[in-house]
Amino acid sequence: MSKINLRITGPTPLPDPVREAMRTQMVSHRSGEFRDMMTHLVGDLGELFGSAARVLPFTCSGTGGLEAAIVNTLAPGERAVAASSGYFGDRFVDIARAFGVQVDVVSVPWGQATDPAAVRDTLRKGPAVRGVLLTQNETSTGILNPLEELCRVAREESDALVLVDVVSSLAATDVAMMDWGIDVAIGATQKALMSPPGIALLGVSERVLAARRGAPRYYWDFGRMAASIEDGTTTFTPAISVLYALRAAVAMIKAEGLRQVFARHEALAGWCRDSVEAAGLELFAVPDHRSPTVTAALVPPGLSASTLRDRLEAEHQVLVSSGRGEWKERVLRIGHMGNATVEDVEHLRNALIDVVTHSPMPTFGRRRAW
Ligand SMILES: *Cc1c(COP(=O)(O)O)cnc(C)c1O
């Protein structure tokens, strides 16, 4: 078994109690034992989403959750406004368009945060907007968008349902569904929830459940899933092992305390940013909007992200992610969400300093030569 310091942006390393929980024998998902487990689990998860939210678990990756959010809220031909600050924001737009939604996109150059004023301007233009699509933490660029302000703008300027991708921020920073007026928040097990991939978790408002809007759907239907969850079960056979793992992870988060978990993410992120700069690299994300879960570093001119990544893995047994889209070779991304410690980041720091110091870099020191 490889002993790798897994510092990619997901899946994230599993704590021992979570791995142990995966060994649990199967039970019937209609049994009392399962219903009891599920009822407690969705109750605890409701707190991670900022109270009041009903939590619906679907067996799929995060992207399935994004699709579920779209088809339960927006019908073909309806208008939506989306804010995109990178690869995952663009994906949300692509999904909506695949279902015939007319999407106006407010985008920013990668590495910058969405500007609430720009979203306000777009909402004021044109006919009624039925949905506002937001990303809290843009994993491709290491940006934490100002979600509270963005939600306020959406609520002030429209009656639109507010859908938010919180896949890489849920359980790492505040997602205050009730206070901020979020209608659907989409999370997934394999990021800060330090569980295996396999379940998307959707926090859903009363407004969405009551509205019964959207596109044709079957597997993803919120109404049917909400009724099942009321009854302590899921509509279809869930990934039971993943749910047991998630229960163990949520118990760890509760024991540590949610505020403490958030503070730990902030502290690790600060230490990781410091490490990137200590290695002589520039941070990709603008100041004031840097992510608590993902740090993106600009690769110095003359080097490629894949070369640095491969050397970090081969020489130091630490695995990071390269960039996305056109930034693939120019950005390294370091994940520090969920089960991450000071030692993990310290190890990454030393490895990064070593690899960058021992790299041929004729142009090192120049800023963004491209
Ligand atoms: C990881 C991630 C997703 C979902 O990816 P899947 O591979 O489908 O789980 C969506 N949005 C963001 C911001 C992510 O970080």
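Taking amide H positions as modeled 1.01 Å from N, with prolines and chain starts lacking one, the residues under 5 Å from Asn5 and 5 or more places away or on another chain are Val318, Leu319.
Placing +1 on the Cβ of every Lys and Arg and -1 on the Cβ of every Asp and Glu, with nothing else charged, gives the chain a dipole about its Cα centre of roughly 600 debye. Its relative contact order, with pairs defined as Cα atoms under 8 Å and 6+ residues apart, puts the chain at 23 percent. Find which of Gln25, Thr293, Tyr218 sits farthest along the positive direction of the dipole of the chain, computed with +1 on the beta-carbon of Lys and Arg, -1 on that of Asp and Glu, about the Cα centre. Going by the Cα projections, it comes out as Tyr218. For the chain, the longest principal axis of the Cα atoms and the long axis of helix 32-48 meet at an angle of about 60 degrees.
Counting only Cβ charges, +1 for Lys and Arg and -1 for Asp and Glu, the dipole size of region 48-130 around its Cα centre is about 220 debye. Here r is the Cβ-Cβ distance between Glu315 and Val342 and R0 is 25 Å; the resulting FRET efficiency, rounded to 0.05, is 0.70. Treating the angle as unsigned and between 0 and 90°, give the value, to the nearest 10°, between the Cα long axis of helix 62-71 and the longest Cα principal axis of the chain. Helix 62-71 and the main axis of the chain meet at about 40 degrees.
A simple count of charges around Ser158, restricted to other residues whose Cβ falls under 11 Å of its Cβ and scoring Lys, Arg +1 and Asp, Glu -1, yields +2. Just so you know, the Cα atoms of region 78-221 work out to an Rg and Dmax of 14.3, 43 Å. Put a dot 7 Å past the Cα of Gln260, heading toward its Cβ, do the same for Ser51, and the two dots end up 2.2 nm apart. Adding -39500 (n - 2.57) for every DSSP H run of four residues or longer, then dividing by how many residues the chain holds, sets the calculated 222 nm ellipticity at -12500 deg cm²/dmol. Bridge orientation summary for the chain: considering DSSP beta bridges with both residues in this region, about 55 percent are antiparallel. In order along region 158-167, phi translates into HN-Hα couplings of 7, 9, 5, 6, 9, 10, 10, 6, 10, 4 Hz, rounded to whole numbers, per the Karplus curve 6.51 cos²θ - 1.76 cosθ + 1.60 with θ = phi - 60° and x for Gly and Pro. Report note on the peptides 336-348, 274-286: ranked by the mean count of other C-beta atoms within 10 Å, highest first, their order is 336-348, 274-286. Put simply, the amide H of Ser84, placed in the peptide plane, has neighbours under 5 Å in Val106, Ser107, Val108, leaving out anything fewer than 5 places away on its chain. Taking a ≥ b ≥ c as the square roots of the Cα gyration tensor eigenvalues, the chain comes out oblate, since a/c reaches at least 1.5 and a/b does not exceed b/c. Counting other Cβ atoms within 10 Å as a rough exposure proxy, the listed residues Tyr218, Tyr87 run Tyr218, Tyr87 from fewest neighbours to most.
None of the figures in this text is laboratory data; all of them are computed from the coordinates on show. All values derive from a computational prediction rather than experimental measurement. Because the Cβ atoms are built from the backbone with ideal geometry, glycine has one as well, and the counts that use them run over all protein chains shown.
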